[in-house]
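All remarks here apply to the structure that follows.
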Amino acid sequence: MERKTRMPVQKRSLEKYEKILDSAFTLFNEKGYYRVTTADIAKEAGVSTGSLYSYFVDKKEIYIEVHQRISNQFHLPTHSFWEISGPYQLKDEKRMKDLFKLFIKLMMDCHNFSKLFHDDMTALDLLDKDIAAINAESLKKRDQNTRDVFDIIKIPFKNEEAQNIFLHYCNLLIEDVCHGILFDDYIQDSGTYIEQTVDLLYKLLQNLAELS
């Protein structure tokens, strides 16, 4: 989606811009995307509606910027975590499982939004082509970020297909455990859920990489 409004450059304008985004994030979490208007966001941010429209063309553009910032808060810590956690001994099962567990908990901490916000993200991805495109781009960045992590760890995959399989299940399992614990009511023992996920990840690593 091509941006149609100006990006602020002066300090005061930047502060106002950030306040609008912070206020939108708060309201989207509390009330949901569909129950929030640009007037609500302007009021929460302490700016006029006209001022808001000088930075954003509509509510959707505000939401897209919020969405992209949320995506970045997952990408950056992921890279940093694996860069500082080495050196890696992939055959050391306990060490690798401990790292997987710490990483899952880091990803859970990055989910600083409500179930309502999460549900709206899922719905908007299905209902709005611009937001779906932004989300698709975010997923591509996530996949590339994960491949970068594989390079940092120096995983000796058996072949390219093995790497793709591990990429798929890493993202699937870690996302599922985070969402299951944070947003679903059926998880009674989160510790066991994480342990089982870590066991699956390491078993996949053993099967798809040349660890011996």
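The table below gives the values:
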{"item": "The listed residue being over 28 Å from C110 (Cβ atoms), hydroxyl-bearing (S, T, Y) and not assigned by TED's automatic domain parsing to the domain that holds L99, out of Y53, Y34", "result": "Y53"}
{"item": "The range 11-25, residues that are of a type in the set (D, E, K, R) and either crowded, with 18+ Cβ neighbours inside 10 Å or assigned by TED's automatic domain parsing to the domain that holds E137 (or both)", "result": "K16"}
{"item": "Some residue of the range 139-147 being of a type in the set (V, I, T), closer than 20 Å to F25 by Cα and surrounded by 18 or more Cβ atoms within 10 Å (Cβ to Cβ)", "result": "no"}
{"item": "Among (1) within 21 Å of G86 (Cα to Cα); (2) surrounded by 13 or more Cβ atoms within 10 Å (Cβ to Cβ), the one test that L173 misses", "result": "(1)"}
{"item": "Test: residue in the range 85-107 that is closer than 26 Å to I41 by Cβ, without any contact (Cβ under 8 Å) to a residue 40 or more places away in the chain and acidic (D, E)", "result": "no"}
{"item": "Matching entry among K91, K115 (being outside the structural domain of L27 (by TED's automatic domain parsing) and within 18 Å of the chain's Cα centre (by Cα))", "result": "K115"}
{"item": "Residue count for the range 82-104, restricted to those that are in a helix (DSSP H, G or I) and farther than 22 Å from S190 by Cα", "result": "3"}
{"item": "Only listed residue being outside any helix (DSSP H, G or I) and either surrounded by 14 or more Cβ atoms within 10 Å (Cβ to Cβ) or on the phi < 0 side of the Ramachandran plot (or both), chosen from F28, F56", "result": "F56"}
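The values are calculated or read from the model by the stated rules, or taken from the named source; none is laboratory data. Model, not experiment: these values are computed from the prediction. Here the Cβ is made from the backbone with ideal geometry for all residues, glycine too, and neighbour counts use every protein chain on show.
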